[in-house]
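Throughout, read-outs are computed from the coordinates displayed, never taken from laboratory work. Just so we're clear, the structure is a prediction, and the values are computed from it rather than from any experiment. Positions of Cβ are backbone-derived with ideal geometry, glycine not excepted, and every protein chain shown enters the neighbour counts.
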Amino acid sequence: MDALSSSPNSNLAVEVNAAEGLRIRCEPSSIRLEYLLSFVDTDDHFWVPADLVAEDVKRNYESKWWQACRQGNIAVIEEMLRGGGQALVAARDADNRSGLHYACGVGNEECVRAMLSYGAEVDALDKDSFTPLHIAAGYLHEKIVEVLVQSGANPELEDNTGRSPLDLIETLKQNTPATTVTYARRSIMESLAQTLERFVFEEVPPCSIKQSRVTEDNVKEYLVEWLDDCPDSWVLEEDIAVDLLQDYAEGIEYAQLRDVFVVPPGSSASMEQNKRLITWVDEAPPSWELS
């Protein structure tokens, strides 16, 4: 590298070897970038404001970062993160994509975790409003999807066309015919969809199962009544707790209690001493239950 720079400790022009690090310097009146420079024929390293660093030095350093991200080169990424993690994970390219976007596209879990550990924005938006989760889902990297949602990624964010990561998977499924050749790919899509659904749909306590049916695809479903005033809905058998299914099979009913009346000690109604009178929200007749 032929770029020249003035050493902070002298008036001599010295030849820059390379940029070795990058940091964000926060001062009371300003925020600025600084590069850690190494020099030819000396072991000295100095932090230099970005506006004093030659363009080719900055360009080579940035190119090295983006190339490592696109290749999933964990050795280079870890080395560069140690020298400038906070600034590098915040960097954006011409498409407004971060290094995390590219690591998710490559599907390298080590790279993704390393960038997240340095504070990479998990829901960063590129020019098309794709998040890293959109990218990971689109490339069918199931493990990366799990890492992102467990790190707080929002699975309901939509891109510029109004598609969430789950919508993107559903579109891919629709465009992938069910054949023996595409079986493995569709299986991954199904698994990815289930993973995203677990984080998209909030768990709501069920009130009871009203009835069951078998669909045209020979899939068992149950009509579930919910406790939070949500409308009744059909739910796949695999998504319902085993104990709830067992209670339905045995004819056990669920109901919300309104009030509990306990027979006070010393009451003349001695025969009811060990019972409580329950009234129900659904206006069913009050009933005595054992304490």
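Couple of notes before you dig in:
- Translational diffusion coefficient of segment 30-110 (Stokes-Einstein, Kirkwood radius from Cα pairs, 4 °C, 1.567 mPa s): 94 µm²/s.
- Segment 100-175 and segment 26-54 have Cα centres spaced 34 Å apart.
- Values of log10 I(q)/I(0), in the order q = 0.11, 0.12, 0.15 Å⁻¹, for the chain under a Debye, Cα-only, solvent-free model: -0.82, -0.90, -1.14
- When each of the peptides 95-103, 75-83 is scored by how many other beta carbons lie within 10 Å of its residues on average, the order from highest to lowest is 95-103, 75-83.
- Computed about the Cα centre, the dipole magnitude for the chain is approximately 580 debye when only Lys and Arg (+1) and Asp and Glu (-1) carry charge, each at its Cβ.
- Arranged from fewest to most other beta-carbon atoms within 10 Å of their beta carbon, His45, His141 become His45, His141.
- For Ser212, residues with placed amide H under 5 Å, excluding near neighbours: Leu223
- Helical segments meeting 18 Å axial Cα length and Kyte-Doolittle 0.5 threshold in the chain (DSSP H): 74-90
- Each peptide in 236-246, 110-120 gets a packing score, the mean of other Cβ atoms within 10 Å over its residues, and the list from highest to lowest is 110-120, 236-246.
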